[in-house]
Structure formats: structure tokens, C-alpha cells
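Data first, discussion second: the structure below is written as C-alpha cells.
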Amino acid sequence: MVEKSIPFRCGSCRMTLNMPVAMIEMPITNLRKFFKWVGQEIWRNEESINQFFSYIPDITDDLKNKWNEASVNFQKEYQDTKFDSHGNYISDKEERKKRKAHNDRLMAKVKTAKANYERFQKRIPKLKEIQEQYKPW
């Protein structure tokens, strides 16, 4: 996903939100406060508001793709902890531990990607609520 800065203005004050980080990481309470501030001069920030909320589908797709990539990577790089690629039993405990640690790291990446996607999915209704409240049109 391409990172972009979106400028907002209210009076002589200017603020910039870095996307997609702001939408993913900024607490909903702070986003509400921010849009309350922006809503004071909604006509001046119409384009910026549209740009901000247009990121929702892009971020959703990006997080879903990261989850899919992590899952595919896990499937490709998974190593059996008991048998090597030729079907021979691995008697070395250290080698089995290394393989298990490798698999655990891959699984952690899948779980993190899934959690990020699901966390953002929970944010979408709240973001849509803010969008409806401060629609410039």
C-alpha cells in the first residue's frame, strides 16, 4: 500500500494525517475529535475527507493480502519436525527444536496478520459512522 499524507485545515491551523497508519493505529476517540475539529470548516476539507475515507477498501484489501501471503508462506516453508524431506527420521533433538522454532515463527506471522485484519474489520463500522457524520455532501 502506498503511503500518503492528507492535509486538513481549520482557520490558520494545518494538520496532516499519514495514511494508512492514521486509519489503522489512531484510536477511534482521537479520530472523532479530529473530525469534530475538521468539521468546523467542512467545505475547506471536503477533498481531504473524501480521500481519507476512500482508503478503507484499500486498507482492507492490503491487510487481507498480507494475511493470505503469510498463510501461503507458512504452507510453503513448513518443516516437519520428525522427518526430513527424504522421509528419514530426525533423531537430533537440536534439529527438531530448530524446525519447531521455524514453524512457530511462521505461525506467529500468520496469527499477527490475521489479528491485524480482524482488528481493522471491527473498526470499519466506527469509521463509517464518522464518515456519515461528517459527509461534506
Low-density loop trypsin sites (Lys or Arg not before Pro), the stretch 30-137, at most 11 other Cβ within 10 Å, DSSP non-H/G/I/E/B, are Lys82
Farthest towards the positive end of the dipole of the stretch 4-133, among Cys13, Ala101, Ile24 and with Cβ unit charges of +1 on Lys and Arg and -1 on Asp and Glu, lies the Cα of Ala101
Angle between the Cα long axis of helix 93-133 and the longest principal axis of the chain, 0 to 90 degrees, nearest 10?
-> 20 degrees
Can you list the GluC sites (Glu not before Pro) in the stretch 1-41 that are in a DSSP coil and have 14 or fewer other beta carbons within 10 angstrom?
-> Glu3
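Once a ≥ b ≥ c are taken as the square roots of the eigenvalues of the Cα gyration tensor of the stretch 80-137, is the result rounded (a/c under 1.5), prolate (a/b larger than b/c) or oblate (a/b not larger than b/c)?
prolate
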What does the charge dipole of the chain about its Cα centre add up to, to the nearest 20 debye, if the Cβ of each Lys and Arg holds +1 and the Cβ of each Asp and Glu holds -1?
-> 480 debye
Report, to the nearest 10°, how far helix 46-77 tilts away from the longest principal axis of the Cα atoms in the chain, using its own Cα long axis and a range of 0 to 90°.
-> 0 degrees
Between 0 and 90°, nearest 10: helix 28-38 axis offset from the chain longest Cα axis = 30 degrees
Compute the Cα gyration tensor for the chain, then decide on rounded, prolate or oblate, letting a ≥ b ≥ c be the square roots of its eigenvalues: rounded whenever a/c is under 1.5, prolate when a/b is larger than b/c in the other cases, and oblate in all that remain.
-> prolate
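Going through the stretch 11-54, which chymotrypsin sites (Phe, Trp or Tyr not before Pro) have at most 14 other Cβ atoms within 10 Å and a DSSP loop state?
Loop-located and lightly packed - Trp43.
Quick note: the coordinates plus some simple rules give every number you see, no bench work behind them. Keep in mind that this is a model prediction, so the values were computed, not measured. Cβ coordinates were reconstructed from backbone atoms using ideal geometry, including for glycine residues, and neighbour counts include every protein chain displayed.
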